[in-house]
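The values are calculated or read from the model by the stated rules, or taken from the named source; none is laboratory data. This is a predicted model, so every value here is computed, not measured. We place every Cβ from the backbone using ideal geometry, glycine too, and count neighbours over all the protein chains shown.
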Amino acid sequence: MSPLFSHLLIPYIIAMFLAINMGGSGTAPAFSAAYGANIIRKNLIPGLFGIMVFLGAIIAGKGTATTMGKGLLSPEMMSFSIVSIILFSVAVSLLIANLFGIPQSTSQATVSSVVAPAAYFNALNTDKLFFEIIPTWFILPIISFFLCLFIGKYIYKPLRKKGYTISKKINDNYFLKGLIVIMSLYVAFSIGANNVANAAGPIATMTMNELGMSSNENFILIMILATLIIAPNFGIGSSIFGHKIVQKTGKEIVLFGRIEAVIIAFVSASLLLSASIIKGIPTSLVQLNVAAILGIGVAKLGFKNIFRKTEVNKFFAMWIISPIISFSLSLLLTYLADIWGFL
């Protein structure tokens, strides 16, 4: 085994472990709507999810990978040690969330982990973080919530009021069932375009540094190769953690009809894919998806009833805790690596 290969092996193994945890967390926003509407069997979900994540990463993942690999921390600082610390910190925070069965924002955890060493070395791109990434985190879930609230209240509910028979015929339509599955695949594709970059971006930049490369063409090539290694692990994570998380979001927040499932999937995936392609912003599909679910839920049950549900409160708590864990662990490990001379 060559010294270079053995040097790169550890961060790649950590990246694969991270991808397994991201796959577990990402399964819920992709397939919870279809699963909640009783259209797809749980044993089919990991394979379909893994394939579409891979395609999304290869076809539309360049922008977000560039942001994660170069946009927040100077690419020259993406060393073996720093990248290993970043990916390990994210993996731990996501593992905790997955063990609790709470879908978590992989993007927010990863950004928090990258920000820690960037802040420690006074090398943080504050303009990118505070004027592009963080505003997107707040704005997009609000848009997702109100879009689904509007659609549920002014389109879906009037349709149901026209009669149970009409609604039942629509929900039993095979075209609608197929459309829900297509929407779930569309969500998984969007995850690939956005979330695979959380691991592939830093890995690609580190690999280029180790190989002495610098051109943008080389970055794209290395990013694709890193994606080929990392993306399949999303499917593995889905098979390990996915069912518990899908059960919580698909069955326990609010019971879905099939029309609602299409609305939830289309709105959340479209917003995420737009953020990925237009600006390359790492964004939380989990939060977009849950915001869409809440929008539909409020349209059906009202604000008071939906926000009293225990699972919703657990989601909000974990969304705050997980990025804090990721940032704190990354900062601590960076400090220890610095004083022990590993950087």
For segment 200-211, pairs from a residue that is touching a residue at least 40 places away in the same chain (Cβ under 8 Å) and over 21 Å from F234 (Cβ atoms) to a residue that is surrounded by fewer than 24 Cβ atoms within 10 Å (Cβ to Cβ) and among the aromatic types (F, W, Y), with Cβ under 9 Å and 6 or more apart or across chains, are M208/F219; N209/F80; E210/F80
In segment 107-122, anything of a type in the set (A, V, I, L, M) and within 21 Å of A200 (Cα to Cα) is listed as A109, V111, V114, V115, A116, A118
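Okay, residues lined up against (1) in contact (Cβ under 8 Å) with a residue 24 or more places away in the chain; (2) crowded, with 21+ Cβ neighbours inside 10 Å; (3) within 15 Å of L18 (Cα to Cα):
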position: I58; (1), (2), (3): yes, no, no
position: M68; (1), (2), (3): yes, yes, yes
position: L72; (1), (2), (3): yes, yes, no
position: V83; (1), (2), (3): yes, yes, yes
position: S89; (1), (2), (3): yes, yes, yes
So which helices (runs of 4 or more DSSP H) stay within segment 1-74 end to end and still have 3 or more residues that are modelled with pLDDT under 80 and under 27 Å from L331 (Cα atoms)? 3-36
Considering only segment 79-87, I want to know if a residue exists there that is at pLDDT 90 or above and under 23 Å from A275 (Cβ atoms). yes
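Just for segment 91-134: of the residues that are closer than 13 Å to P282 by Cβ, in contact (Cβ under 8 Å) with a residue 12 or more places away in the chain and aliphatic (A, V, I, L, M), which one is surrounded by the most Cβ atoms within 10 Å (Cβ to Cβ)?
My answer is V114.
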Pairs returned, first residue in segment 229-241 that is under 18 Å from P11 (Cα atoms), second residue that is at pLDDT 85 or above and among the hydroxyl-bearing types (S, T, Y), beta-carbon separation under 9 angstrom, 6 or more apart or interchain, are I229/Y12; I230/Y12
Whichever residue in segment 319-343 is touching a helix residue (DSSP H, G or I) at 6+ places or on another chain (Cβ under 6 Å) and outside any helix (DSSP H, G or I) and, among such residues, is nearest to E76 (Cα to Cα): L343
